[in-house]
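The values are calculated or read from the model by the stated rules, or taken from the named source; none is laboratory data. All values reported here derive from a predicted model rather than from experimental measurement. Note: ideal-geometry Cβ built from the backbone for every residue, glycine included; neighbour counts use all protein chains shown.
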Amino acid sequence: MPPVQHSFQPRTGSADRPVLAIDQGTSSTKALVICPERGVIGTGSAPAPPRYGSGGLVEIDPAVLLGSVLDAGRAALADAAEPVAAVGLANQGETVLAWDPATGAPLTDAIVWQDRRAESLCTELAPHEQRLRQLTGLPLDPYFAAPKMAWIRRRLTREGAVTTSDSWLIHRLTGAFVTDAATAGRTQLLDLDRAEWSPEALEIFGLSDEPLPGVVDTAGAVGTTTAFGGEIPLTGVIVDQQAALLAQSVTEPGSAKCTYGTGAFLLAQTGDRPRRGTTGLVSCVAWRLGGHTSYCLDGQVYTAASAVGWLTDLGVISGAAELDTVGSSVPDSGGVTFVPALAGLAAPWWRGDLRGSISGLGLDTGAGHLVRALCEGIAAQVVELADAVATDLGEPLRSLRVDGGLTRSALLMQTQADLLQRPVEVSALPDATALGVGALARLGLDPELTAGQVVPEWQPSAVYEPRIGPAEAADRLGVFRAAVATLLDRTPPPAPATTEH
C-alpha cells in the first residue's frame, strides 16, 4: 500500500535548511541536496533508460522510474550527510501510465513522451484540432499526454486511473492524488485560461469518466514521504522544462531559455496571460504560485542528445564528449546537411511522421562533417523556435540562456550563436531542472519568500558571441530550410484514419 498522506505546516526556520531536489528525466534521474547558503552539498543519479521499438514505441517499466527516484534521492542525501527540510520533484511532463489508485500498482508500462503510437488517434481527431488548440494552447500531436492516455484506454486497459507519471510517483511517495498546474498544462486536457480541467477536451478524447488528479500549485505542501528517512514534506512539483525556466531566472516577458537534453526545449515567458500565437509554438502554464498563474511559449526539438546517441551507436563518435574533437577536425560540414528528425519534427512544423535526412554526402565525407552537420541541424531548429517566439511576442530575443548536457560542446554552442545571431549564455550551474524544483520546494516551505529570493543570481559560465555575419547565417539557414522543405514535399501528411473501436 502507498504511504498515507499527511497534512503539513512548515516549521519556523525550515526554509533555511537544505532541500532535496529530484529531476526525474527521460533517461536518468538526478538529485541534488541544496542549501540556501552553501549551494549544492550533495548529488546523486540513477539510470532510467527507456526502450525503443517498432511503430514508434518508447516505453519504460514504472518500477524503473520509481527506483531511480529513490536511488538518486538517497544517494544525494548520503553524499550531503545532512537532513533536509523538504523534497521537490520535477517530471518528464508528457509520459503517462495506467495504475491502480487503491494500491499504487502500475497496470501498464509508462508510455514515454517520445512515443508516436497515438498518431492514428490524432489523425482521427483532426476535426477537433483548432478547438483543442484554443482550449488548451496545444496542437493535436502524440507528443502530448492526452492522446497517449486515450490510446492506453483503447488498446491496453480500462482499469484504474491513467495519468502523467508525476501523479503516480507523487502517489507512491505521499499517497496524494495530484498533479501540478504546469504538468497538467502538458496533457491537452487543461483549460489554459482557467488552469482547470476542461470538460470539453476530456469529452473529445473520450476521457470524461476518468478519475482525475487534483491540480495544485507548483509550490506548496502536497503531503509527506518517509522514502528518504523520517517524515519529509513534498513542497515543490513541476514539469522539467518549466523548472529549468525558473532556475535560469527567465521570469520576465521577452526572455527565453533552451535546455539541450534528450531533445532541445526553448521556453519564453509571456507573463500573467497566455499568448496564443500563429507560428506553431505551444502556449502553456509556466508555473502557478499562490494561485497566480504565469504562462510561457514553448517550442521543441525532439532529438538533440538522442541524435548524438544515434551517431554514437553507428560508431561515428564514441559519445557526446567527442563532438568537439571530431567536429573540429574539419573547417565546416563539407556540404553535408543533416535534418535530425529522427523522431519527427515538432514546432513549428508539427510533423511527427517525418523521418530525418542526410544529404550532400561524398567520397570525401568524414566523421567530422557528419558531426558538424548534426550541430547545425540542432542549432537551426532552435533558431526556427527563436524566430517563432520573436514573431509571437512582436520583438526579437535579446539573448538566449542555455543549459543541459550538450552545452558542454563549444562547437554546438558556437554554431548556435552563429546561426541565431544573438549571444548564447551558458548556465554556470549544471542540473538547472533540479535547481528550479529545489527553489519551488523552498517556496513551498515559506510562502513569504519570492521567486527572486530562492533562485540563484544568473551568472553564465560562458557567453558565445556570433563569429559570422548575418548574410552567412542566412545562407546556412537557407540550406537547412530547403532540406526541411524537401522532406515536407515528399512526405504528405497522414490521411484521416477511420474510427477505431
- Quick check: is even one residue across segment 484-498 in a loop (DSSP other than H, G, I, E, B) and in contact with a Leu (Cβ under 9 Å, 6 or more places away or on another chain)? yes
- Filtering segment 364-384 down to residues that are closer than 15 Å to residue 409 by Cα and touching a Ser or Thr at 6+ places or on another chain (Cβ under 7 Å) yields 368, 372, 373, 375, 376, 379
- Query: Failed condition for residue 445, given (1) within 22 Å of the chain's Cα centre (by Cα); (2) over 24 Å from residue 477 (Cα atoms); (3) crowded, with 23+ Cβ neighbours inside 10 Å; (4) among the hydrophobic types (A, V, I, L, M, F, W, C), with all others met?
  - Reply: (1)
- Do you know which of the residues in segment 44-59 that are more than 13 Å from residue 25 (Cα to Cα) and of a type in the set (Ser, Thr, Tyr) is surrounded by the most Cβ atoms within 10 Å (Cβ to Cβ)? 52
- Item | Filter result (under 25 Å from residue 116 (Cβ atoms) and either crowded, with 21+ Cβ neighbours inside 10 Å or in contact with a strand residue (DSSP E or B) (Cβ under 9 Å, 6 or more places away or on another chain) (or both)) within segment 328-349 | 337, 338, 339, 340, 341, 343, 344, 345, 346, 347, 348
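Applying the selection to segment 247-258, what residues are closer than 14 Å to residue 297 by Cα and not basic (Lys, Arg)?
250, 251, 252, 253, 254, 255, 256, 258
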- Item | Identity of the residue in segment 413-442, without any contact (Cβ under 8 Å) to a residue 60 or more places away in the chain and closer than 19 Å to residue 41 by Cβ, that ends up surrounded by the fewest Cβ atoms within 10 Å (Cβ to Cβ) | 428
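Please work out which residue is farthest from residue 74 (Cα to Cα), limiting yourself to segment 18-32 and to residues that are crowded, with 24+ Cβ neighbours inside 10 Å and among the polar types (S, T, N, Q). Break it down into steps so the answer makes sense when it comes.
Taking segment 18-32 as the starting set, the residues that turn out to be crowded, with 24+ Cβ neighbours inside 10 Å are 18-24, 29, 31-32.
Filter once more, keeping what is among the polar types (S, T, N, Q): 24, 29.
Working: 24: 14, 29: 12 Å.
Checking each candidate, the answer is 24.
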- Query: Can you find even one residue in segment 236-248 that is of a type in the set (Asp, Glu), surrounded by fewer than 24 Cβ atoms within 10 Å (Cβ to Cβ) and either within 24 Å of residue 459 (Cα to Cα) or in contact (Cβ under 8 Å) with a residue 60 or more places away in the chain (or both)?
  - Reply: no
- Note on the structure: Among helices (runs of 4 or more DSSP H) entirely inside segment 43-153, those with 1 or more residues being in contact with a Lys or Arg (Cβ under 8 Å, 6 or more places away or on another chain) and without any contact (Cβ under 8 Å) to a residue 60 or more places away in the chain are 62-80
- Query: What number goes with the only condition from (1) surrounded by 24 or more Cβ atoms within 10 Å (Cβ to Cβ); (2) over 23 Å from residue 388 (Cβ atoms); (3) more than 13 Å from the chain's Cα centre (by Cα) that residue 281 does not pass?
  - Reply: (2)
- Message: Need the failing condition index for residue 141 against (1) surrounded by fewer than 24 Cβ atoms within 10 Å (Cβ to Cβ); (2) within 20 Å of the chain's Cα centre (by Cα); (3) modelled with pLDDT of 95 or more; (4) acidic (Asp, Glu), just the number.
- Response: (3)
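Table: residues versus (1) basic (Lys, Arg); (2) modelled with pLDDT under 95; (3) surrounded by 19 or more Cβ atoms within 10 Å (Cβ to Cβ); (4) out of contact with any helix residue (DSSP H, G or I) (no Cβ under 7 Å at 6 or more places or on another chain).
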{"site": "3", "(1), (2), (3), (4)": "no, yes, no, no"}
{"site": "6", "(1), (2), (3), (4)": "no, yes, no, yes"}
{"site": "34", "(1), (2), (3), (4)": "no, no, yes, no"}
{"site": "61", "(1), (2), (3), (4)": "no, no, no, yes"}
{"site": "77", "(1), (2), (3), (4)": "no, no, yes, yes"}
{"site": "85", "(1), (2), (3), (4)": "no, no, yes, no"}
{"site": "93", "(1), (2), (3), (4)": "no, yes, yes, no"}
{"site": "97", "(1), (2), (3), (4)": "no, no, yes, no"}
- Message: Between a residue in segment 266-295 that is more than 17 Å from residue 349 (Cα to Cα) and any residue that is in a loop (DSSP other than H, G, I, E, B) and among the basic types (Lys, Arg), which pairs come within a Cβ distance under 8 Å, given they are 6 or more apart or on different chains?
- Response: 284/186; 295/273; 295/275
- Find all pairs meeting these conditions: Cβ atoms under 7 angstrom apart; at least six residues apart or on different chains; first residue within segment 298-318 and hydrophobic (A, V, I, L, M, F, W, C) and at pLDDT 95 or above; second residue assigned to a strand (DSSP E or B) and surrounded by fewer than 24 Cβ atoms within 10 Å (Cβ to Cβ). 307/342; 310/342
- residue 485: over 30 Å from residue 220 (Cβ atoms), among the small types (Gly, Ala, Ser) and surrounded by 16 or more Cβ atoms within 10 Å (Cβ to Cβ), yes or no? no
- Message: Quick check on this structure: which one of 397, 406, 385 is under 25 Å from the mean Cα position of the chain (by Cα) and over 15 Å from residue 304 (Cα atoms)?
- Response: 397
- Message: Out of 322, 376, I need the residue that is within 22 Å of residue 403 (Cα to Cα), crowded, with 23+ Cβ neighbours inside 10 Å and of a type in the set (D, E, K, R). Which one?
- Response: 376
- Report whether or not residue 189 is in contact (Cβ under 8 Å) with a residue 40 or more places away in the chain and more than 22 Å from the chain's Cα centre (by Cα). no
- Task: Please tell me if residue 222 is under 30 Å from residue 86 (Cβ atoms), of a type in the set (Val, Ile, Thr) and surrounded by fewer than 24 Cβ atoms within 10 Å (Cβ to Cβ).
- Result: no
